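Notes follow the structure.
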């Protein structure tokens, strides 16, 4: 098992290098310079000053030299300094925003598992029942709904019409004056819509996949054996079938992580949540190369870690994987 | 049962087909059927709720939302077709080469696919569009360039399973060139699954375009798109619900249409896959 893990982790290194190369070159080959933002608006900016800015940011050097110096800094755990007016280290800017994004994504993963797996299992066990058909329609629409539109509708309905839930930010204005319990309730209320929206995209896919898996497993010989030796239907379904049908879903959950993280740009922008997605949106708009690079890298690392955890738990659950 | 017979019997697939044909007709005839000029500003009639004059109301500049949505249908279809066409082209070529030749070329292409799949795609699209500058052509190209990986894997798998079949060996034996074997002999057999992916891909591209336009880095105003009407919906969320409701419904129906059609083609071309 340990050997398997080490092999997987070593395999991640060239992948990560490839990722950074693609990001770096795509970004720097694009026309326009980050210094334009600071100089175009400023009539006093002379050509000389522009050059000074360019050399300050090392943008005047050839691109492979820039990449090498970025990589060397990365080796020391330094993601560089933001181009934006606060000139803070990129790592600090990301780290202060990462937890909220991870918490929301983690909560939505839990919701996806808690809701999609039972839906899939029940649909498969009661194939062609009314429940199965209703869920099929739900899943089909779930695939097609633009999540940002659903977010808007829920904001209008729960936030504005009913006034039940806040529609932006993480805290109310009177947060400071609330009791600890009140602060917790306030936070939960602010998180309900974003977490729901973030989970929604994954629900349809996972429940459908779960149903397909379950249907396939139920037809296997060992399920027939389990029935033949007189086990109760409950035991057959939940002990024998479910365990085997769950395995591939673990991998799919790992694969759905990039989608979840990518989606955080949308819901964090809509709900004005100060997370990594919002930072990414702002940095992209401001052409803040180091921050954009940093976030792309963190996003890729999170994806790889997610895949690794998925594969590792798969290997724990299914001995056949470990041998090959 | 043949493909068309299966397809005709599938009411859902026909519904999807009808939705898409309807949308294509609307886009082609847009200049003839819009009740108002989609760009005509009417400051006396700003944010008017839906009425007999303006079926879907007006936006913050008094423009007719119904007319803008009809115009937006053009954008959605254009982006969907071009972006998916590009993705299918790249994916098919790489997948065919990878699956047919195998060896180091295959490993190289597959590692590249792995790398591309590690990105939170939406991050990458956002970054590239923001740096290239938002325009409808850039969106189509970038969506295409970031959504070919699934096609590559699919075509590769088809090619691997087909390349040692007897009809391919026969073609090789009579001296057919690699290009001829790939395009004339193997590719047609993979066409059904490519078509299914393409149809579902168009739906995905339309969703991404609308999200980008919604965030303000897709189709730029004053050109109307379903996504950027929704941006106006968000800005006026507490007073003008109609700006948020209708464009989203249009996206939903369009995407449902493509998904129904795609699944219909899949079920008809390979009944074993039917769920």
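Just so it is clear, none of the values below were taken in a lab; they were calculated from the coordinates. Keep in mind it's a predicted model, so treat the numbers as computed, not measured. As a convention, Cβ positions derive from the backbone with ideal geometry for all residues, glycine included, and neighbour counts pool all protein chains shown.
In Å and from the alpha-carbon atoms only, list the Rg and Dmax of the protein assembly as shown.
25.8, 87
Let me check against my output: what whole-number percent is the relative contact order of chain A, with C-alpha pairs under 8 Å and at least 6 apart? Intermediate results must be reported in sequence, preceding the final value.
Values: 324 pairs, mean separation 84.0, N = 324.
Normalised by residue count, the contact order of chain A is 26 percent.
Mind listing P(r) for chain A? All alpha-carbon pairs, 20 Å bins, whole percents.
In whole percents, the pair-distance histogram is 25, 48, 24, 3, 0.
So what is the 222 nm mean residue ellipticity for the protein assembly as shown from helices alone, if each DSSP H run of at least 4 adds -39500 (n - 2.57) and you divide by all residues, rounding to the nearest 500 deg cm²/dmol?
Numbers: 25 runs with 430 residues, N = 599.
Using -39500 (n - 2.57) per qualifying helix, the result is -24000 deg cm²/dmol.
Ratio to report: Rg/Rh of the range B:1-95, with Cα atoms as the point set and Rh obtained by the Kirkwood method; give two decimals. Intermediate values should be presented prior to the final figure.
On the way: Rg = 18.8 Å, Rh = 16.1 Å.
Rg divided by Rh gives 1.17.
On alpha-carbon atoms, Rg over Rh for the range A:79-183 using Kirkwood Rh?
1.12
Roughly how far apart, in whole Å, are the Cα centres of the range B:177-245 and the range A:91-144?
23 Å
If neighbour count is taken as other Cβ atoms inside 10 Å, put B:125, B:88 in order from fewest to most. Spell out each step's value before the answer.
On the way: B:125 24, B:88 21.
In order of increasing Cβ crowding within 10 Å: B:88, B:125.
Most fluctuating residue of A:273, A:261, A:156 in a GNM of chain A with Cα springs under 10 Å: which is it?
Residue with maximal mean-square fluctuation among A:273, A:261, A:156: A:156.
Three principal axis extents, largest first, for the C-alpha atoms of the range B:29-71, in Å?
Largest first, the range B:29-71 extends 28, 18, 12 Å along its Cα principal axes.
Have a look at B:184, B:143, B:160 and tell me which one the Gaussian network model of chain B (Cα, springs below 10 Å) gives the largest fluctuation.
Highest fluctuation of the listed residues: B:184.
Sort A:313, A:179, B:67 so that the residue with the fewest other Cβ atoms within 10 Å of its own Cβ comes first and the one with the most comes last.
On the way: A:313 15, A:179 8, B:67 23.
Taking fewest neighbouring Cβ atoms as first place, the list is A:179, A:313, B:67.
Expressed as a fraction of 2.2 N^0.38 Å, the rule-of-thumb size for a compact globular protein of N residues, what is the C-alpha radius of gyration of chain B?
Details: Rg = 21.9 Å, N = 275, 2.2 N^0.38 = 18.6 Å.
With N residues counted in chain B, Rg over 2.2 N^0.38 Å equals 1.18.
Any number yet on Rg/Rh for the range A:183-322, C-alpha, Kirkwood?
Values: Rg = 20.2 Å, Rh = 18.0 Å.
Using Cα coordinates only, the ratio equals 1.13.
Quote the Stokes-Einstein diffusion coefficient, in whole µm² s⁻¹, for the range B:60-172, based on the Kirkwood radius over alpha carbon pairs, a temperature of 4 °C and a viscosity of 1.567 mPa s. The partial results should precede the final answer.
Numbers: Rh = 16.3 Å.
Rounded, D is 79 µm²/s.
Which order do A:172, A:256 fall in if you start with the one that has the fewest other Cβ atoms within 10 Å?
Working: A:172 16, A:256 21.
Listing A:172, A:256 from fewest to most nearby Cβ atoms yields A:172, A:256.
Sort out for me the Cα centre separation of the range B:1-26 from the range A:216-278, rounded to whole Å.
32 Å
When the Cα atoms of the range B:89-138 are enclosed in a convex hull and the volume is divided per residue, what value in Å³ results?
Numbers: hull volume 4.2 nm³, N = 50.
Convex hull of Cα atoms, per residue: 83 Å³.
Normalise the Debye intensity by I(0) for the range B:158-275, one equal point scatterer per Cα, no solvent, then take log10 at q = 0.16 Å⁻¹ and round to two decimals.
-0.81
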